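Engineer: Quick one: the structure is below, and I'll ask about it shortly.
The values are calculated or read from the model by the stated rules, or taken from the named source; none is laboratory data. Remember, it's a predicted structure, so these values are computed and weren't measured experimentally. Cβ placement follows ideal geometry from the backbone for every residue including glycine, while neighbour counts extend to all protein chains displayed.
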Amino acid sequence: MKKVLVLVLALLMLTLSASAEDAMRVVALKGPTAMGMVQVMDRADNDDLKGQYSFSIAAAIDEVTPQIAQGTVDVAAVPANLASVLYNKTEGKIQVLAVNTLGVIYIVENGDTVHSVEDLRGKTIYASGKGATPEYALNYILSSNGIDPEKDVTIEWKSEHAECLQTLIAGGEGIAMLPQPFVTTAQTKLESLRVALDLTEEWEKLQAGAENPSAMITGVVVVQKAYAEAHSEQIAAFLEAYHASVDFVNSDVEGGAKLVGAYEIVPEAVALKALPACNIVCIDGAEMQDKLSGYLGELFAQNPASVGGKLPEADFYYVK
């Protein structure tokens with residue numbers, strides 16, 4: 001009897017070990033990308049997807065990049081332009097599975113003077129994200145509206161979002177460029193702060209009528225190319241679960257906010273207000289390729305280094 005029990009326990013341990021080894025290793029970033037994946041996390045911990053995924057949530061992209069380069073993660077959420085940089089640096093060893101977040105950047109004002117992009121002319125804008133998507137997006141929107149980012153506005157770059165907010169609080173008035181969900185957090189600390197412009201909407205206005213309109217894209221989900229080639233069924237299942245999770249947080253904001261709070265991504269109260277403005281999506285396939293390639297093209301035109309020196313080839317896009 002003891003031999004049978006030992007054998008059963010050994011088989012169970014082997015099964016659990018194999019399950020852990022087979023689990024897809026996924027890293028999300030604290031913020032909208034993790035918020036969009038939260039139902040998949042919950043199902044993997046407590047429901048029908050148990051054991052299929054191993055999730056971790058990173059506070060900053062600096063934690064994620066080495067994991068991608070070293071191959072210690074299979075799937076990861078990264079900024080859109082960084083995906084292209086990594087593709088070029090690894091000589092095509094990563095692919096984009098989906099766009100997960102459209103523009104989450106807003107112009108906010110402690111005041112009531114800005115109601116159009118033109119109203120930014122002559123103003124000072126406090127911002128963080130120099131050399132990254134926020135800077136390129138702001139430059140594109142300003143210049144496309146006839147405003148020279150270097151001559152017609154003053155952009156004061158700060159090291160982080162909180163510093164922008166502190167500057168507004170200290171000054172009593174002013175304009176800043178901030179992302180969600182930090183905008184919602186900021187409004188709890190400065191009640192007079194209002195959203196003046198949605199940069200995603202402004203981008204879409206500029207693209208209206210274009211033959212192949214691009215979209216303002218904040219984040220994407222990438223996969224190790226070798227992993228995708230060896231696990232096509234798992235990738236398909238992940239995308240299906242991911243689509244369902246995005247639909248869930250967008251349609252059931254209260255339920256989504258509870259899970260976001262439970263996983264300590266942001267507090268539930270913040271998530272409840274921020275989710276509708278986070279532009280969380282799951283766009284894959286040909287539509288993903290069209291939107292992302294157009295967006296990267298806009299960044300490349302401003303600064304080739306922002307996408308890794310050259311635009312990625314067709315194999316960058318995971319299209320099945």
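Engineer: Given (1) in contact with a Lys or Arg (Cβ under 9 Å, 6 or more places away or on another chain); (2) without any contact (Cβ under 8 Å) to a residue 40 or more places away in the chain, where does Asn110 come up short, assuming only one miss?
Structural biologist: Condition (2) is where Asn110 drops out.
Engineer: For the stretch 277-302, which positions are in a helix (DSSP H, G or I), within 16 Å of the chain's Cα centre (by Cα) and closer than 16 Å to His243 by Cα?
Structural biologist: Met288
Engineer: Right, here's the next one. List the strands (runs of 3 or more DSSP E) that sit entirely inside the stretch 91-174 and contain at least 2 residues that are in contact with a Phe, Trp or Tyr (Cβ under 7 Å, 6 or more places away or on another chain) and at pLDDT 90 or above. Walk me through how you get there before you give the answer.
Structural biologist: Working: elements: 94-102, 105-110, 124-128, 154-158.
Fully inside the stretch 91-174 and qualifying: 94-102, 154-158.
Engineer: If you check every pair at least six apart or on different chains, which have Cβ atoms under 9 Å apart with a residue in the stretch 181-208 that is under 20 Å from Asp112 (Cα atoms) first and a residue that is of a type in the set (D, E, K, R) and assigned to a helix (DSSP H, G or I) second?
Structural biologist: Matching pairs, first to second residue: Thr184/Lys273; Gln187/Lys273; Thr188/Lys273; Ala196/Asp119; Leu197/Asp119.
Engineer: Which residue out of Val27, Val38 is at pLDDT 90 or above, touching a Leu at 6+ places or on another chain (Cβ under 9 Å) and not polar (S, T, N, Q)?
Structural biologist: Values: Val27 fails: touching a Leu at 6+ places or on another chain (Cβ under 9 Å).
Residue meeting the stated conditions: Val38.
Engineer: Taking the stretch 63-79, which residues are among the aliphatic types (A, V, I, L, M), under 20 Å from Ala230 (Cβ atoms) and crowded, with 16+ Cβ neighbours inside 10 Å?
Structural biologist: So in the stretch 63-79, the residues among the aliphatic types (A, V, I, L, M) come out as 64, 68-69, 73, 75-78.
Right, trim to under 20 Å from Ala230 (Cβ atoms) and you get 68-69, 73, 75-76.
Within the stretch 63-79, Ile68, Val73, Val75, Ala76 qualify.
Engineer: Mind listing whichever residues of the stretch 249-258 are surrounded by 18 or more Cβ atoms within 10 Å (Cβ to Cβ) and either farther than 19 Å from Val104 by Cα or not assigned by TED's automatic domain parsing to the domain that holds Asp74 (or both)?
Structural biologist: Selection gives nothing.
Engineer: So, in the stretch 46-62, of the ones that are under 17 Å from Ile265 (Cβ atoms) and surrounded by fewer than 14 Cβ atoms within 10 Å (Cβ to Cβ), which residue ends up modelled with the highest pLDDT?
Structural biologist: The selected residue is Asn46.
Engineer: Please go through the stretch 230-242 and give me each residue that is surrounded by 17 or more Cβ atoms within 10 Å (Cβ to Cβ) and assigned to a helix (DSSP H, G or I), ordered by number. I'd like the intermediate steps shown before the answer.
Structural biologist: Of all residues in the stretch 230-242, those surrounded by 17 or more Cβ atoms within 10 Å (Cβ to Cβ) come to 231, 234-235, 238-239, 241-242.
Across the stretch 230-242, the qualifying residues are Gln234, Ile235, Phe238, Leu239, Ala241, Tyr242.
Engineer: Return only the number of the condition from (1) without any contact (Cβ under 8 Å) to a residue 60 or more places away in the chain; (2) crowded, with 18+ Cβ neighbours inside 10 Å that Tyr87 does not satisfy.
Structural biologist: (1)
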